[in-house]
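Trainee: Can you keep this structure in mind? I'll have questions shortly.
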Amino acid sequence: MTAGHRRDVRTINAWIAGIAIAAGIGVVLAGPSPTGSTIVDTLLLIVVVALCISAIATAPWIHHWRGTMRPVVTASVVGVLVQVLARLGNVWHFGVTAAIGVVPVLAVTLLAVNRRSGQRRLQLWSAVGGFVAAGLLALLGFGVAAA
């Protein structure tokens, strides 16, 4: 692998990270508030959306695309999809739109994480677990404050 190829991969990864963070900010601007706390919601949504998009755009099943712009296109498509899902509104009943938005993205993210090698998979599962725990603690805090 030449230095030029590695630089291209780093540039592509930087594009993916930028798109993922921008999509996370876009989701925050859409207004969902899972915990009711503005600061926690902002951080949680940006990080979770960025993590999902990055995991999907760099998934092992598209590893043969490394060095091309296809991972950037994948990140862009998933970023736009997340924006659409974040802005669906209340389709039928409360919670249905959350399920419509969260389930497909989460399913593909979990597939992408499970297809990684052992050490990388453990790191990603630790990150996902940490954010799930932070979200649950924030929801618990919101419930206590509401009571």
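Please treat every number below as a calculation from the coordinates, not as lab data. Owing to the predicted nature of the structure, the values given are computational and were not obtained by experimental measurement. Don't worry about glycine lacking a Cβ; one is built from the backbone with ideal geometry, like all the others, and counts go over all protein chains shown.
Trainee: Could you derive backbone 3J(HN,Hα) for region 42-55 from the dihedral phi with the Karplus parameters 6.51, -1.76 and 1.60 (θ = phi - 60°), listing whole Hz in sequence and x where the residue is Gly or Pro?
Mentor: So the Karplus estimates, Gly and Pro as x, are 4, 5, 4, 5, 4, 5, 5, 5, 5, 5, 5, 5, 5, 5 Hz.
Trainee: Karplus couplings for region 8-25 from phi (6.51 cos²θ - 1.76 cosθ + 1.60, θ = phi - 60°), rounded to Hz, Gly and Pro as x?
Mentor: 4, 5, 5, 5, 5, 4, 5, 4, 4, 4, x, 5, 5, 5, 4, 5, x, 5
Trainee: Separate question: Could you rank the peptides 118-127, 78-87, 18-27, 49-58 by their average count of other C-beta atoms within 10 Å per residue, with the highest value first?
Mentor: 49-58, 18-27, 78-87, 118-127
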